Structure formats: structure tokens, C-alpha cells
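In what follows, a single structure is set out as C-alpha cells and then discussed.
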């Protein structure tokens, strides 16, 4: 199976005016940092093209809002809770927000398989394109690393995680003309099995972006699948 990458978006796109993406000032104020980053990366990757599906990968979801909601539960003794932080704490917040801003009612799925989340989303996207009923698909990975998460991972003796997270999105298509790279998925003959306490779900997406920047190939073998990205 294969698909073609036509657009790439990152959360740190400095030349993007967020007000042009989200025109409602009240909605902008309510958005958390990770939601802003995800929406920006998705918008850049789309390049104005409508998509037939939105697939998002994350390990922990919107942690800042999750922590805020839990603190409010304790501070208010479970009384008179504001719904905003709860609404924005769910795993599918970024995918849902992108769809809401575009009025997109198409297939929308969020994968929360830890380090395998991104590959699960890519596999779903390629399969949808192979079926022939979808032609443009937005696939991305988002994650935020809060001080609380870093503290817990430190207690678990997991390697130190740098930064505060981010977002990467890709626009996949079944059309080769004008593509940046091709994504090919096949069965893996061998696979290394590792026991993981936690794995950064952004890692693979970031590696794909680096490979595209450097015009080189990228390969990963997980869950009996071999995924290769080759620049065109």
C-alpha cells in the first residue's frame, strides 16, 4: 500500500497569523497552547485543500487542560465546575477543533496507542486512500509534556524528555503528481520487540519531517509493518 505526501505542517510555523485561522476572538482565548499548535500545523499542511478525513495521533492528549480540570474538581469540592477545561481535555480535541473550524463532517479519528499512535493513523490514512473513496487526508501527531508528566516519568526512570511537546501534520493523497514523498507500507519480516514504559508519540512524526527536510528516506518497522517514506 502507498500514499503520497503533498503538504507538511509544524506547530512552530512562524509566518502564520493565527487570527486568520481562527477569526473568533473568544474561541482563540479559550484554546490551549497544544490546541493552537495542532490547528496551526493542520492548517499549514492542508495549504487550503479540503480533506476527506482527519486522523490525529496522541499519547496523552491535552494534558494541561486535563490537569486543570482535575485541580478544579479538588478546589471546588466537585461543585460548580467550568466545562471548558473538561471539553478541551479529551484526546480528540485537536481533530474535532480542526473539523469544527472547517465545517468538515467527514471521517474523523484519534489514535491513542502511545508510541504507535502515529503509525496507526498513517496506516488508517493509507487504507482509506487505497479504498478509493477518499482522495485527500490530513494525518498528524500532537503531544504536550507538562511538568507533572515529566515528574512522573522521572519517577518511572524513563529517559528525560526535552521541550513542551508540539504538533506535526501531513496531507496525504492518492495522486503522485506534485508530491513531496511517497509512503509505502508492507509486511515486516522481522521485528524487534521492546518493553516500553512510555514512548514519545511525536518522535516518528518528527523523524519523518527531518527526513523530508534533508531529502532522505525514513524506515520504521513496528507491529509487523514496514513503513518507508521516500522523497521524490
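So the values come out like this:
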read-out: Using alpha-carbon coordinates, inclination of helix 63-75 to the longest axis of the chain, degrees; value: 20 degrees
read-out: Cα shape, the chain, gyration tensor, a/c 1.5 rule; value: oblate
read-out: Residue among 72, 92, 108 with the largest mean-square fluctuation in a Gaussian network model of the chain, springs linking Cα atoms under 10 Å; value: 72
read-out: Helical contribution to [θ] at 222 nm, DSSP H n ≥ 4, -39,500 (n - 2.57), averaged over the chain, rounded to 500; value: -11000 deg cm²/dmol
read-out: Sorted by Cβ neighbour density within 10 Å, fewest at the top, the residues 8, 73; value: 73, 8
read-out: Rounded if a/c under 1.5, otherwise prolate or oblate - region 99-232, Cα gyration tensor axes; value: prolate
read-out: Computed E for residue 75/residue 33 - FRET, C-beta separation, R0 30 angstrom, nearest 0.05; value: 0.90
read-out: Folded to 0 to 90 degrees: helix 93-102 orientation relative to the chain principal axis, Cα; value: 70 degrees
read-out: Rounded to 10°, Cα long-axis angle of helix 33-46 versus longest principal axis of the chain; value: 30 degrees
read-out: The chain: most fluctuating residue of 22, 139, 44 per GNM, C-alpha cutoff 10 Å; value: 22
read-out: Stretchable slack from residue 150 to residue 12, in nm (0.36 nm times residue separation minus alpha-carbon distance); value: 47.5 nm
read-out: Rounded if a/c under 1.5, otherwise prolate or oblate - region 73-176, Cα gyration tensor axes; value: oblate
read-out: Added length on full extension, which subtracts the Cα-Cα distance from 0.36 nm per residue, residue 224 to residue 160; value: 20.2 nm
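Values quoted throughout were computed directly from the atomic coordinates according to the rules given, and no laboratory measurement underlies them. Small disclaimer: the values here were computed from a predicted structure and weren't measured. Virtual Cβ from ideal backbone geometry, glycine too; neighbours counted across all protein chains shown.
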